[in-house]
Ligand code: RP5
């Protein structure tokens, strides 16, 4: 039997996957039950609302939503659910992701979206933030998060630079 999915990772297009896979990889690495799917605010609005309406009832604890351009997916999900929504701006070709960042971060008062950095770092950090929230009530997950941090610290300490002339 599958564990109850705790984190939903959704994105506006399959073209967002190369960015959003960084969130999924973190969740896989830290053993968080999750799901990932395309869910477009503009191309499939009814599906987006159905997803938001059913998310809490299915046991989800947060939704990570990535989109590019006129990136309405995170904000419209947040409008339809009280679950935490973590927004990831995906970089498009025309405006480099600043358009997506502004679309996601400038929410009206009352409907929050936690907005992360543009691109892969934002996707990974959204997943790490979701893990940190879940770890408040999951000691085993907290241990895995701490081990992840320790490994990252050791990797940084082991970094070297090219020989200097
Ligand atoms: C947005 O439009 C998606 O999130 C994607 O970033 C962007 C382009 O989508 P495609 O035309 O590549 O499907 O809705």
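What does the C-alpha gyration tensor say about the overall shape of the stretch 1-99? Classify as rounded when a/c is under 1.5, otherwise prolate if a/b is larger than b/c, or oblate.
Details: a/c = 2.09, a/b = 1.29, b/c = 1.62.
Verdict is oblate for the stretch 1-99.
Grab the DSSP H runs of the chain that are 4 residues or longer, score each as -39,500 (n - 2.57), total them, divide by all residues and round the 222 nm result to the nearest 500 deg cm²/dmol. Each step should come with its number before you reach the end.
On the way: 6 runs with 75 residues, N = 165.
Rounded to the nearest 500, it is -14500 deg cm²/dmol.
Can you work out the FRET efficiency for the pair residue 56 and residue 147, with r the C-beta to C-beta distance and R0 = 25 Å, to the nearest 0.05?
Values: r = 30 Å, r/R0 = 1.19.
The calculated FRET efficiency here is 0.25.
With the crude spin-label approximation of a point 7 Å out along Cα→Cβ, what separation in nm comes out for residue 94 versus residue 47?
The answer from the label model is 2.3 nm.
Roughly how many whole Å is it from the C-alpha centroid of the stretch 6-53 to that of the stretch 57-95?
9
Read the figures in this text as sums done on the coordinates, not as results from a lab. All of these numbers come straight from a predicted model, not from anything done at the bench. With ideal geometry, Cβ positions are generated from the backbone for all residues, glycine too; neighbour counts draw on all protein chains shown.
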